[in-house]
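Have a look at the structure below, then the notes.
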């Protein structure tokens, strides 16, 4: 959750408040104020998150294909039993 909060502060803040509500953490205090998380990305965080996003996008098809092969392999073994 911390990475999302730094990489996308608005989304992280909304997600954190959703988690607090869902788990009933400090209900009497109300939602976390917007100032409770980072105001925006720093240059270093921006560069890192952009780099990670590009790496993830490049490897997503490879991971998907690998998962499909694994699922097909498992289903063949189940069918053979």
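Could you tell me whether residue 53 is modelled with pLDDT of 80 or more, within 20 Å of residue 9 (Cβ to Cβ) and surrounded by 10 or more Cβ atoms within 10 Å (Cβ to Cβ)?
No.
Could you say which residue among 12, 7 is surrounded by 11 or more Cβ atoms within 10 Å (Cβ to Cβ) and modelled with pLDDT of 80 or more?
Answer to the check: 12.
Working carefully through the options 79, 60, find the one that is in a helix (DSSP H, G or I) and either exposed (fewer than 10 other Cβ atoms within 10 Å of the Cβ) or at pLDDT 85 or above (or both).
Result of the check over 79, 60: 79.
Filter the stretch 34-50 for residues that are loosely packed, with under 10 Cβ neighbours inside 10 Å and either in contact with a strand residue (DSSP E or B) (Cβ under 7 Å, 6 or more places away or on another chain) or modelled with pLDDT of 80 or more (or both) and give the result.
The answer is 35, and nothing else.
The values are calculated or read from the model by the stated rules, or taken from the named source; none is laboratory data. What you see is a predicted model; the values in this text were computed from it and never measured. Ideal geometry is used to build each Cβ from the backbone, glycine not excepted, and the neighbour counts take in all protein chains shown.
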